[in-house]
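The structure under discussion appears below in the form of structure tokens.
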Amino acid sequence: MPTVKDMALTPDEFFRGAALVMQGREYRVESHGVETGTAERGISISIELLPPRRLSGLLSLPRTQVTISFRGYGAEEEVLFLQRFDRVFQRAGG
């Protein structure tokens, strides 16, 4: 089952972060996301631009839906990858 995230980032920010997430893996960049692995074992991360989140009349945040799909990975491997993904895209709060 894919993991779907509603993220406050632009497609350009996604692709910069994806390079860090995929570090150490061969991957392909496509217009709609990134792919790694083979048909039997791999990871697909696709993006879809969403309408911005309006916080007030003057402030809005970009939104991108990110869908992460695994093929041939065990549950523990998926958790480890998702933890890495979350660390790469973590932003400081305050």
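Computed from the coordinates by the stated procedures, all read-outs in this text should not be read as laboratory data. Fair warning: this is a prediction, and the values are worked out from it, not measured in the lab. Virtual Cβ from ideal backbone geometry, glycine too; neighbours counted across all protein chains shown.
Couple of notes before you dig in:
- Ranking of 43, 68 by count of other Cβ atoms within 10 Å, fewest first: 68, 43
- Rounded tilt (10° steps) of 75-89 against the dominant C-alpha axis of the chain: 40
- Low-density loop positions, trypsin sites (Lys or Arg not before Pro), the range 1-92 - DSSP coil, at most 10 other Cβ in 10 Å: 91
- By the Cα gyration tensor, the chain has an equivalent ellipsoid whose semi-axes, rounded to whole angstrom, run 26, 14, 12 from largest to smallest.
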